[in-house]
Amino acid sequence: MRFTFKGGIHPPGFKKLTNTKAIIRAGVPKQVVVPLSQHIGAVCEPVVSVGEAVKIGTLIGRSDKFISAYVHSSVSGKVIKIESRAHPVLGACNSIVIESGQSQDAAYVNNHNCDIDMLSQEEIINSISQAGIVGLGGACFPTHVKLSPPKNKTIDTFILNCAECEPYLSCDHRVMLEHPEAVVKGAFGMMKALGVKNGIIAIEDNKPDAIKVMRSNAANFKIAVLKTKYPQGAEKQIINAVLGRIVPSGALPMDVGCVVQNVQTAFAVYEAVYLKKPLTERVITIAGPCVKNAVNIRVKIGTLVSDLMDSLGGFIREPKKVIFGGPMMGIAQYTLDVPVIKGTSGIIFLSEKETGNEQESACIRCGKCVDACPVKLLPTTLMHLVKKDRFSEAKDLGLANCYECGSCAYECPAKIPLLDYMKFGKAKI
Amino acid sequence: MDTPFVVSIAPHVKSESSTRKIMRSVIFSLLPAGAAGIYIFGIKSLYIIILSIFTALFTEWIILTIRKQQASVLDASAVLTGLLLAYNLPPAAPLWLPVAGSFFAIAIGKQVFGGMGQNIFNPALVGRAFLMVSWPVYMTTWQNPKWNIDAVSSATPLAIIKAKEAAAVFDVSYLDLIIGNRPGCIGEVCIIALLAGAVYLLFKRYISYHAPLSYIAAVGFLSWVFNGKTGLFCGDALFFVLSGGLILGAFFMATDYVTSPLSSKGKVMFGLGCGILTFVIRKFSGYPEGVSYSILIMNAFTPILDRYTRPRWFGCPSAPKKAGR
């Protein structure tokens with residue numbers, strides 16, 4: 001049986017560009033730019049000063065606020081600047097610029113003999129917090145916070161989100177294939193931190209090899225095969241598909257007893273808990289029609305896109321749009337001098353051809369947006385209301401429930417930028 | 001800020017579909033029925049179709065120019081309106097009739113409401129209703145199909161039933177109804193060709209089955225219950241479904257995006273309403289056929305159906321408040 005949800009769309013996947021290629025490792029960049037905010041929550045304060053020597057994994061930014069995540073150096077070298085730099089999500093952010101040194105030493109000691117059964121829930125969560133782990137699917141919510149639900153919430157199910165429903169992206173897919181044990185151990189660590197017995201690994205059926213690998217490696221987990229459909233990887237949709245539970249409006253997955261975590265988050269948790277290694281690198285997909293070599297690549301956090309692309313042989317076509325994340329929900333960049341951050345799942349380069357600025361025409365009420373909306377909103381009606389500044393009526397029709405998956409705008413035959421209107425309306429209510 | 005890149009809000013990829021493609025597909029799906037009509041009733045039907053389309057395009061272009069709007073003539077929706085109007089005309093109509101009807105359809109049915117996407121009523125049916133009240137004789141003068149040696153005008157099967165003309169020869173078989181061997185409008189007679197087009201549109205997901213099926217089911221059911229010669233529950237449902245303009249109306253006009261409800265539930269109610277009204281008009285009014293008026297009346301109910309059939313959003317604790325258009 002394959003699980004699914006109502007609504008959604010079927011954009012072409014373009015996964016074949018990268019999903020059969022082994023993950024490669026990027027070289028050490030000559031410098032990294034590590035933003036002090038790569039997460040939802042309080043911005044970190046720098047704990048190093050200009051001129052100070054750092055190693056891989058040295059803590060360079062921290063905050064005492066509960067909702068925040070530590071930031072570590074990803075290279076060994078010297079802090080040369082602390083200044084505001086371009087940021088892929090925030091536009092600009094205070095960042096620590098580190099110049100790489102000759103030798104690359106780690107500030108942590110690999111501890112291969114860690115026995116998770118000896119660790120308490122608090123110790124696991126503490127390790128995760130110390131490692132600065134955030135949701136690596138893209139949402140960047142601090143993982144230790146997600147694993148510490150309030151006492152009055154009972155969590156009964158842990159879901160490992162392996163949907164990877166965005167077109168082009170295959171980094172999670174490759175991590176599952178190449179590091180299944182680490183992913184399963186990381187997921188198990190999070191279940192232990194939550195005190196949950198019921199673990200589900202949910203994978204879309206366009207990754208049969210990953211399903212097979214997970215089946216043979218994750219004996220303690222149930223494997224849920226999902227129909228390939230966007231946005232299957234959205235938390236509320238994956239919970240609905242796998243468990244049939246509906247997360248109420250304005251509530252969180254923990255309100256229906258679930259915690260959902262991404263594949264690479266699980267991998268990072270494995271490294272943090274079992275190896276005591278902080279989060280300093282991640283696997284991202286680089287693809288798109290402009291890219292010479294589409295790859296899945298392990299990149300040091302803070303590596304600038306410009307440096308990364310130089311090392312990959314550059315472009316075959318002039319890129320017209322640079323997207324951090326997938327093409328459905330990713331963020332278009334204004335410069336190549338932005339760093340890869342913790343939440344970066346991929347970088348997609350689109351050419352002039354794919355950046356078609358089609359003329360918006362009148363809504364013909366075809367209802368394709370209504371069928372596509374996974375939240376069952378009426379995007380066309382909301383668009384009309386927002387256009388007329390009737391925001392309170394839009395609110396009454398549930399506009400606030402839109403989580404901006406973009407399915408409506410993808411489907412619209414009149415090429416109306418429906419998501420622009422949704423976002424504008426949400427900002428006004 | 002100077003940047004070589006395009007910066008915009010997601011999604012950065014869009015589907016291949018476009019308004020123009022949808023309109024072209026609907027026109028394509030209607031071609032078999034038109035070809036059948038021309039074959040059955042002769043070349044004059046082709047002239048009617050061409051004049052109707054040409055007038056629709058010309059009227060749209062003139063009015064858009066006056067309104068200083070971008071000429072969206074090429075989005076093919078005017079062609080579709082002209083085509084549908086022609087399909088709703090008798091093949092014996094004088095050649096100025098499609099010109100008058102098509103002008104009215106575009107000018108009054110569509111553009112005065114604000115053009116594309118804004119009209120309340122199906123423009124082609126507005127044109128037909130206008131012709132029906134203005135020149136009822138021309139609109140009800142029929143021509144026999146080519147297979148009939150008797151080329152003089154006769155009445156449609158529904159009209160014969162209505163007039164209870166015992167004398168009139170009434171020997172249409174189901175096969176005749178399906179291939180189009182009966183008097184009727186140009187595009188409505190050949191059921192098999194219409195169904196081929198409908199299946200294509202359903203397959204391409206350009207129309208949903210909700211409104212057509214509920215419409216046809218309602219007409220079939222009510223005719224079976226009340227239209228029997230010997231009492232209740234013995235009417236010839238299939239005859240009433242295949243006669244008149246029901247198949248053309250149900251699949252190609254009750255599914256018009258602009259003038260029918262958004263939600264599936266709304267579409268079903270829209271179809272049921274059309275079906276009940278069609279039955280009532282056929283049975284109790286002075287007209288033998290009621291498909292076009294039924295759809296026009298239900299068009300007026302579309303906003304209220306939309307309002308009361310809003311889907312409950314995902315995770316909504318109670319029924320959403322009523323608001324908006």
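The values are calculated or read from the model by the stated rules, or taken from the named source; none is laboratory data. None of the values given here were measured: they were computed from a predicted structure. Backbone-built Cβ (ideal geometry, glycine too); neighbour counts: all protein chains shown.
Which residues, taken from region B:116-147, are among the charged types (D, E, K, R) and touching a Phe, Trp or Tyr at 6+ places or on another chain (Cβ under 8 Å)?
Within region B:116-147, the subset among the charged types (D, E, K, R) is B:128, B:146.
Within region B:116-147, B:K146 is the sole residue that qualifies.
Please work out if A:I116 is more than 14 Å from chain B (Cβ to nearest Cβ) and either more than 15 Å from A:V269 (Cβ to Cβ) or under 20 Å from the mean Cα position of the chain (by Cα) (or both).
On the way: more than 14 Å from chain B (Cβ to nearest Cβ): yes; either more than 15 Å from A:V269 (Cβ to Cβ) or under 20 Å from the mean Cα position of the chain (by Cα) (or both): no.
Here the answer is no, as A:I116 does not meet what is asked.
Do you know which residues across region A:184-201 are crowded, with 19+ Cβ neighbours inside 10 Å, of a type outside the set (A, V, I, L, M) and not in a helix (DSSP H, G or I)?
Of everything in region A:184-201, just one residue is crowded, with 19+ Cβ neighbours inside 10 Å, of a type outside the set (A, V, I, L, M) and not in a helix (DSSP H, G or I), namely A:G199.
Within 18 Å of A:V134 (Cα to Cα) and among the β-branched types (V, I, T): which single residue out of A:I347, A:I316, A:I301 fits that description? If you could, list the steps in order and put the result at the bottom.
Details: A:I347 fails: within 18 Å of A:V134 (Cα to Cα); A:I316 fails: within 18 Å of A:V134 (Cα to Cα).
Criteria check complete, one pass: A:I301.
Against the definition (over 18 Å from the mean Cα position of the chain (by Cα), among the polar types (S, T, N, Q) and within 14 Å of chain B (Cβ to nearest Cβ)), how does A:N240 come out, yes or no?
Working: over 18 Å from the mean Cα position of the chain (by Cα): yes; among the polar types (S, T, N, Q): yes; within 14 Å of chain B (Cβ to nearest Cβ): yes.
Yes; evaluated as a whole, the condition is true for this residue.
Given the criterion under 28 Å from A:I301 (Cβ atoms) and either within 11 Å of chain B (Cβ to nearest Cβ) or surrounded by fewer than 24 Cβ atoms within 10 Å (Cβ to Cβ) (or both), identify the matching residue among A:I347, A:I364, A:I341, A:I331.
Numbers: A:I347 fails: either within 11 Å of chain B (Cβ to nearest Cβ) or surrounded by fewer than 24 Cβ atoms within 10 Å (Cβ to Cβ) (or both); A:I364 fails: under 28 Å from A:I301 (Cβ atoms); A:I341 fails: either within 11 Å of chain B (Cβ to nearest Cβ) or surrounded by fewer than 24 Cβ atoms within 10 Å (Cβ to Cβ) (or both).
Among A:I347, A:I364, A:I341, A:I331, only A:I331 is under 28 Å from A:I301 (Cβ atoms) and either within 11 Å of chain B (Cβ to nearest Cβ) or surrounded by fewer than 24 Cβ atoms within 10 Å (Cβ to Cβ) (or both).
Taking region B:225-258 on its own, how many of its residues are closer than 21 Å to B:S77 by Cβ and either among the aliphatic types (A, V, I, L, M) or surrounded by fewer than 24 Cβ atoms within 10 Å (Cβ to Cβ) (or both)?
6
Go through the residues of region A:289-311 one by one and say whether even a single one is within 16 Å of A:Y168 (Cβ to Cβ), small (G, A, S) and in contact with a helix residue (DSSP H, G or I) (Cβ under 9 Å, 6 or more places away or on another chain).
yes
Within region A:288-304, which residues are within 14 Å of chain B (Cβ to nearest Cβ) and either modelled with pLDDT of 95 or more or surrounded by fewer than 21 Cβ atoms within 10 Å (Cβ to Cβ) (or both)? Write out each step before concluding.
Residues of region A:288-304 that are within 14 Å of chain B (Cβ to nearest Cβ), as a first pass: A:288-290.
Of everything in region A:288-304, just one residue is within 14 Å of chain B (Cβ to nearest Cβ) and either modelled with pLDDT of 95 or more or surrounded by fewer than 21 Cβ atoms within 10 Å (Cβ to Cβ) (or both), namely A:P289.
Considering region A:409-429 alone, what residues qualify as being aliphatic (A, V, I, L, M) and either farther than 25 Å from A:A139 by Cβ or at the interface with another protein chain (Cβ under 7 Å from one of its Cβ atoms) (or both)? So that I can check it myself, show each step before the final result.
Taking region A:409-429 first, the residues aliphatic (A, V, I, L, M) are A:409, A:414, A:416, A:418-419, A:422, A:427, A:429.
Listed by number, the residues that qualify are A:A409, A:A414, A:I416, A:L419.
Would region B:133-141 turn up any residue that is modelled with pLDDT of 90 or more and crowded, with 23+ Cβ neighbours inside 10 Å?
no
When A:D371 is evaluated against the numbered criteria (1) within 26 Å of B:L201 (Cβ to Cβ); (2) within 29 Å of the chain's Cα centre (by Cα); (3) at pLDDT below 95; (4) within 7 Å of chain B (Cβ to nearest Cβ), which criterion, by number, is the only one it fails?
With (1) within 26 Å of B:L201 (Cβ to Cβ); (2) within 29 Å of the chain's Cα centre (by Cα); (3) at pLDDT below 95; (4) within 7 Å of chain B (Cβ to nearest Cβ) applied to A:D371, the lone miss is (4).
Does any residue in region A:392-408 that is facing chain B (nearest Cβ under 7 Å) come within less than 7 Å, Cβ to Cβ, of a residue that is assigned to a helix (DSSP H, G or I) six or more places away or on a different chain, and which pairs are these?
That search, which allows pairs on different chains as well, returns A:E393/A:L385; A:L397/A:T381; A:L397/A:L382; A:G406/A:L419.
Go through region B:225-254 and report how many residues are closer than 25 Å to B:S208 by Cα and not in a loop (DSSP other than H, G, I, E, B). Working first, answer last.
Narrowing region B:225-254 to residues closer than 25 Å to B:S208 by Cα: B:237-254.
Cutting the leftovers down to not in a loop (DSSP other than H, G, I, E, B) gives us B:237-242, B:246-252.
Final tally of qualifying residues: 13.
Just checking, which of A:E181, A:E204 is away from chain B (no Cβ under 14 Å), closer than 21 Å to A:I284 by Cα and either of a type in the set (V, I, T) or surrounded by 24 or more Cβ atoms within 10 Å (Cβ to Cβ) (or both)?
Values: A:E181 fails: either of a type in the set (V, I, T) or surrounded by 24 or more Cβ atoms within 10 Å (Cβ to Cβ) (or both).
Answer to the selection: A:E204.
Considering only region A:353-429, give the helices (runs of 4 or more DSSP H) lying wholly within it that have at least 2 residues that are of a type in the set (K, R).
Details: elements: A:368-372, A:379-387, A:391-396, A:407-411, A:418-428.
By residue number, A:418-428.
Hey, any hits in region B:18-27 for a residue that's surrounded by fewer than 16 Cβ atoms within 10 Å (Cβ to Cβ) and not charged (D, E, K, R)?
Within region B:18-27, none of the residues are surrounded by fewer than 16 Cβ atoms within 10 Å (Cβ to Cβ) and not charged (D, E, K, R).
Being under 18 Å from the mean Cα position of the chain (by Cα) and more than 20 Å from A:V242 (Cα to Cα) is the filter here, so list the residues in region A:148-178 that pass it.
Scanning region A:148-178 gives A:P167, A:Y168, A:L169, A:S170, A:C171, A:R174, A:V175.
Report whether or not A:K16 is at pLDDT below 95 and outside any loop (DSSP other than H, G, I, E, B). It would help to see each step written out before you state the result.
Details: at pLDDT below 95: yes; outside any loop (DSSP other than H, G, I, E, B): yes.
In short, yes.
Select from region B:288-304 the residues that are free of Cβ contacts under 8 Å to residues at least 60 places away in the same chain and either surrounded by 22 or more Cβ atoms within 10 Å (Cβ to Cβ) or assigned to a loop (DSSP other than H, G, I, E, B) (or both) and write down the one among them that is nearest to the other protein chains (Cβ to nearest Cβ).
Step by step, filter region B:288-304, then rank; the result is B:M298.
Evaluate region B:75-86: report whether one residue or more is within 12 Å of chain A (Cβ to nearest Cβ) and outside any helix (DSSP H, G or I).
Filtering region B:75-86 down to residues within 12 Å of chain A (Cβ to nearest Cβ) leaves B:75-77, B:80.
In the following step, the residues that additionally are outside any helix (DSSP H, G or I) were identified as B:76.
Among the residues of region B:75-86, at least one is within 12 Å of chain A (Cβ to nearest Cβ) and outside any helix (DSSP H, G or I), which makes the answer yes.
If we scan region B:102-112, do we find a residue that is surrounded by 19 or more Cβ atoms within 10 Å (Cβ to Cβ) and assigned to a loop (DSSP other than H, G, I, E, B)?
The answer is no; no qualifying residue exists.
So, in region A:203-227, exactly how many residues are among the charged types (D, E, K, R) and free of Cβ contacts under 8 Å to residues at least 40 places away in the same chain?
Start the filter on region A:203-227 by keeping residues that are among the charged types (D, E, K, R), which leaves A:204-205, A:207, A:209, A:212, A:215, A:222, A:227.
Narrowing further to those that are free of Cβ contacts under 8 Å to residues at least 40 places away in the same chain: A:209, A:212, A:215, A:222.
Residues that pass the stated criteria total 4.
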